[in-house]
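Please treat every number below as a calculation from the coordinates, not as lab data. Note that the structure is predicted; figures quoted are calculated from it, not measured. Quick reminder, even Gly has a Cβ in these numbers, built from the backbone with ideal geometry, and neighbours come from all protein chains shown.
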Amino acid sequence: MTETSFALTEDLGIAAVAGACALLLISLALLVLELRRNETRNRWVFVTGVLSTLALGLALFRPVVVTAKTNKLGPRIVLLVDQSRRLDLPADNTTRSELAENAVQVLRSHYADARLSVLGFGEGEPRALNKQGSRRTSSSDLVSAVEHLAQAPGERPQALVVVSDGRLTRPDEAPSAESLKQAFAGLDVPIHTVSLVENAPRDASIRSVRAAGAAVAHQKLAITVEVGCSPDLDCKRVPIRIRELLLGERPLELASGAANAESGRGEVEMEITLDRAGSRVIEVSIDTPDGDTIADNNVRYLTFSVAKERIRLLHLAGRPTYDVRALRLWLKSDESVDVVAFFILRGETDDPGAGERDLALIRFPVDELFTEHLPSFDAVILQDIDAVRYKLSRYLVGLESYVKKGGGLIMVGGPSSFAGGNYAGTPLDSILPVEQPRRGKPTDPTAFVPSFTEAGRAAPVTAKLRSLLGGQLPEMFGANMLGAARPGAIALLEHPTLSVGAQAMPVLALGEAGDGRSIALGVDSTHRLAFGELASQASGRAYGALWDGLLGWLMRDPRYEAARVELVGECIAGEPVTLRVHRLPGMIGDITLTLESLGATKRPPIARAIKDTRSSSAEVTLDKLEAGGYAARVVVGAAPATRHDFGCERGGEAWSDSRPDNARLAAIAEATNGTSVNLDQVKFLPLPEVTEVTAERHASPLLPAWVWALLSTGLLGVHWITRRQSGLT
C-alpha cells in the first residue's frame, strides 16, 4: 500500500522547529501590537506581515513530499495450550484434550488476521505444538511459561490466550490479584483465558499421599492420605487400604482406614512399617461409592527409598566351632548390627536323660522365633544346624515365605548344613542359590584353597577382600557338596578340584528368591581369614571384609551393588519409560536389564541388552507399561544383579484432582486486563490493533531551497515598503 503525505525537512531537530515556530509567532504578535498602538488600520501591512512571516517559516522548514509503502501486519498473539496429562480426563463423551484441540481451531478462525503462535505449556519452556500435540507433562506451570516468553528475543506478543481447565500448578489456587500481577509482570500484556470445562465430573479420588519424614526399615512411618469427593457422591466413609507390592507374592497388607469426605475432602493418617531396605513400591487405594466416573485415580503407586538404620540378624548355630565363634564375635563387634544368637551347646547324647527342652543351656524358643518374631529380622543365618534334629523342618515353609517377601538368608557350611543338615528337597532348598545333591556324601573333608570365579573377580561384594589379599585365599578344611548354581544366581568362589558336570563346584554363591536374597557359603573355615599366616598380611581384616560384603549385598547396600538404577522422570501407564543405569567404577561388560511386574500375577518379563561401550551410564527406553509395580534387574558383565523397584501410575499426580478451576482463570484475566470466556464465548475475545510496518519511504522537496529563500526575501521587501507607505518605521 502506497501513501503520500507532507512533512517538514528532516535535517532540523524538534527543538529547532519548536524554537523557530515560537519566534515566528512572537513576530506576528508584535506586529499586531504595533498596529494597535499606532492606530494604523492598513490591512496590507498586516497581510504582507503575515505572508512574509509564513514565507520565512517555509524557507526555514522547507516542506517535503513523503511517499511511503506500508504493510499492515496483524497483531502478534501467543496461544498457550495446557499440555498436562489432566487434559486426558473424560469430559462429556469426549476428553478435555479434544476440547482443547477444538478450541485451538476456533481461536485460529477468530484471530485469522493476527500472527498467531500456538504453543503448549506444562513444565519449563513452552513448546510448539505439532499435529500430534506435545508429550504430556505432570504439571501446568503457567508462570514459568510466561517468564520464558518474557525472556525470549524478538518481538513480544501483544496478548496471550490461555486454553486450560484452570487446575494449574502455578499460579497457586485462589491467588490474590497482587500476586498475579507480580507473577506476570515480566511480559506485561493482557492474558485472555478460555476455560474448557464448566462442571466437575462425579469423581472420588486420592488427592495426595504424604509421608512424615523418611522411611526407615522396622520403624513406623506416618502416611497421610487425602481423599477428594464430588458433592453428589456419598463419601461419608471412604475405605482406604495401603499395601506393599512384592515380587512373585501377594501384596502385603500394611494398614487400612477410612476417610470422611462428605464436605468435599477428607484425610486420614495411618502408620505403616516397611521391614526391608531399598526401593519399595506402596499401593494406596480407595473403595469409591457408586457413581464414580473416573476409576484410574482411585489407586496410587508410590516408590519409597527405605533406609536401614541398623541390621537385625537371627543367628542359629547347631554346635560350637571356631567358625561359629568367629562369626558371633564379629557380629557383636559391629555396632550397626543387632544380633539375636542361639547356639546349641549340648546334644541328646551329652546327657542320656535330656529331653527336647534341654538341648541348650537356655530354652531354644524355636516356635516364637519362626512364628512371631521372624518378620522383625532383616536376615537369618543358619550355621551348621540340622533341620530335623533341632526341629526346624516344620518352620522351613515359613522361612521360605519370609525370604520371598523380602528377607535375607545365609546358610553357612559345616557337617550339619545343606544336604548334611537335611535341607535337600525341603521348601528352603528352592530359595538357595545352589542346588543340593540328594545322594552321595554331603561333605568332602579334603583341604583346599578356593578360587575366585570371573564374577568373584568383578563383584563389589568381594572387592575389599581382594584388595587386602591380592586375590589369594587361605586353605579351607573341607567343603559341603553343592550342586550347580540356579538360574540367575552368581557363584563368586569355586572349588579347584570338585566339579558339577562341566563346571567347577560353587563354594560361595549369591541369588535372589522372590523379593529377598540368599547366600550359600559351603565352608566352615572362613575364620582362617582372621587367623593364620595369610590373614596376618591383612592384619586379620580380611574376615570382616568378607562378611561386610556379604551382609551389605544381602541388605542391598549400594556400595556392594554393581550398578545403580534410576527412573528418568515419571512412569506413566501408556507412555514410554526410561531407566538410567550407572555402573560402578571397574564394572565392565554388557548390560542386561530385565523388567518384571510385582505381584503374584506375573506378566511376561521384558529384557533389554546394551553392548559394553565403557560409558559410566546408559539409558534404556521401554515400551508402554501398564499401571502397577515393577522390578528392574540389571546385570553388568558377570557381576551379581542389581534391583530397583518403581511404580507406574495411570495419570499420576495430574489425575489426582479432576475438578476444573475456572475461578483461577478469571482471576488471571482480571489481574492482567484480559478477558475470561468459556469455550462457546471465544468470539467475545478482543482483537489487538493492527501494526503498520513501513517497507519503503522517499522524501522529495516541495520546492528547491533557493525558491523558498527568494520567496521569503521578496515578501519581506514588500512588507517593508508597505510599512513605509503607512508611516511605520
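Against the longest alpha carbon principal axis of the chain, how many degrees, from 0 to 90 and to the nearest 10, is the axis of helix 43-61 turned?
Orientation of helix 43-61: about 30 degrees from the principal axis.
Give 404/611; 441/464; 181/683; 220/405; 308/404; 332/464 a once-over and call out the pairs whose C-alpha atoms are over 28 Å from each other. Don't skip to the end; give the middle numbers.
Values: 404/611 32 Å; 441/464 34 Å; 181/683 26 Å; 220/405 18 Å; 308/404 19 Å; 332/464 21 Å.
Long pairs (Cα-Cα over 28 Å): 404/611; 441/464.
Which angle between 0 and 90 degrees, to the nearest 10, do you get for helix 14-37 versus the longest principal axis of the chain when only C-alpha atoms count?
30
When N counts the residues of region 193-336, how does its alpha-carbon radius of gyration compare numerically with 2.2 N^0.38 Å, as a ratio? Working shown, then result.
Details: Rg = 21.8 Å, N = 144, 2.2 N^0.38 = 14.5 Å.
Working it through for region 193-336, the quotient is 1.50.
Report for the chain the percent antiparallel among DSSP-assigned beta bridges with both residues inside it, nearest 5.
Antiparallel bridges make up about 70 percent of those DSSP assigns within the chain.
Of the listed peptides 378-384, 597-603, what is their order by residue-averaged count of other C-beta atoms within 10 Å, with the highest listed first?
378-384, 597-603
Starting from the alpha-carbon convex hull of region 40-180, give the projected area averaged over all orientations, in nm².
Average projection, Cα convex hull of region 40-180: 17.7 nm².
In debye, nearest 20: dipole of region 116-171 around its Cα centre with unit charges on the Cβ of K, R (+) and D, E (-)? Before the final figure, lay out the partial values.
On the way: 7 positive and 6 negative charges, 44 e Å.
Using Cβ point charges on Lys, Arg, Asp and Glu, region 116-171 gives about 220 debye.
What angle, in degrees between 0 and 90 and rounded to the nearest 10, separates the Cα long axis of helix 662-671 from the longest principal axis of the Cα atoms of the chain?
With both axes taken from Cα atoms, the answer is about 40 degrees.
From the square roots a ≥ b ≥ c of the eigenvalues of the alpha-carbon gyration tensor of region 611-729, which class results: rounded (a/c under 1.5), prolate (a/b over b/c), or oblate?
It comes out prolate by the Cα gyration axes.
What Rg and what Dmax come out for region 171-261 when only alpha-carbon atoms are used, in angstroms?
Radius of gyration, then largest Cα-Cα span, for region 171-261: 20.3, 58 Å.
How large is the helix-only mean residue ellipticity at 222 nm for the chain, computed as the sum of -39500 (n - 2.57) over DSSP H runs with n ≥ 4, divided by its residue count, in deg cm²/dmol to the nearest 500?
Numbers: 14 runs with 164 residues, N = 729.
After summing the helix terms and dividing by residue count, I get -7000 deg cm²/dmol.
Please flag any cysteine in the chain that has no other cysteine's Cβ under 4.7 angstrom from its own Cβ.
Result for the chain is 21, no neighbouring Cys Cβ within the cutoff.
Once you charge only the Cβ atoms, +1 for Lys and Arg and -1 for Asp and Glu, what is the size of the charge dipole of region 381-439 about its Cα centre, to the nearest 20 debye? Could the numbers behind the result be given before it?
Working: 7 positive and 5 negative charges, 36 e Å.
Around 180 debye, computed over region 381-439.
Which log10 I(q)/I(0) values does region 478-613 give at q = 0.13 Å⁻¹ under the Debye formula, counting every alpha carbon as one identical point scatterer?
-0.79
Sort the following peptides by mean Cβ neighbour count (other Cβ atoms within 10 Å, averaged over residues), highest first: 505-513, 676-684, 402-410.
On the way: 505-513: 25.7, 676-684: 14.8, 402-410: 23.3.
Listed from highest to lowest mean packing, they are 505-513, 402-410, 676-684.
Once you order the gyration tensor axes a ≥ b ≥ c over the Cα atoms, which shape class does region 409-494 get: rounded for a/c under 1.5, otherwise prolate or oblate by comparing a/b with b/c? Please report the intermediate quantities before stating the final value.
Values: a/c = 2.44, a/b = 1.48, b/c = 1.65.
Oblate, since a/c reaches 1.5 and b/c is not below a/b.
Where the eigenvalues come from the Cα gyration tensor of region 107-254, what are the semi-axes √(5λ) of the equivalent ellipsoid, largest first, in whole Å?
In descending order, the three semi-axes are 40, 19, 17 Å.
Rounded, prolate or oblate: which fits region 465-528 when a ≥ b ≥ c are the square roots of the eigenvalues of the alpha-carbon gyration tensor, with rounded for a/c under 1.5 and prolate only if a/b beats b/c?
It comes out oblate by the Cα gyration axes.
Please state the equivalent ellipsoid semi-axes for the chain: what are the square roots of 5 times the Cα gyration tensor eigenvalues, largest first, in whole Å?
Computed over the chain, the values are 88, 31, 21 Å.
From the P(r) of region 547-688, can you give the percent of Cα pairs sitting at distances over 23 Å?
Roughly 53 percent, rounded to a whole number.
For region 531-599, what value does the Rg/Rh ratio take when both radii are computed over Cα atoms and Rh is the Kirkwood radius, given to two decimals?
On the Cα set of region 531-599, Rg over Rh gives 1.18.
Under a Cβ-only charge scheme (Lys and Arg +1, Asp and Glu -1), can you give me the dipole magnitude of the chain about the Cα centre, in debye to the nearest 20?
My answer is approximately 1980 debye.
If you average over every viewing direction, what projected area does the convex hull of the Cα atoms of region 494-558 give, in nm²? Kindly include the intermediate steps, with their values, before the conclusion.
Numbers: hull surface 23.9 nm².
Its Cα hull, projected and averaged over all orientations, spans 6.0 nm².
What percent do you get for the relative contact order of the chain when only Cα pairs under 8 Å and 6+ apart count?
Across the chain, relative contact order equals 17 percent.
For region 716-724, what does the Karplus curve 6.51 cos²θ - 1.76 cosθ + 1.60, with θ = phi - 60°, yield as ³J(HN,Hα) per residue in whole Hz, taken in order and with x for Gly and Pro?
5, x, 4, 4, 5, 5, 5, 4, 5
Place the peptides 463-475, 19-31 in order of packing, highest mean first, counting for every residue the other Cβ atoms within 10 Å and averaging per peptide. Display every interim value, and only then the final one.
On the way: 463-475: 16.9, 19-31: 13.2.
By packing density, highest mean first, the sequence is 463-475, 19-31.
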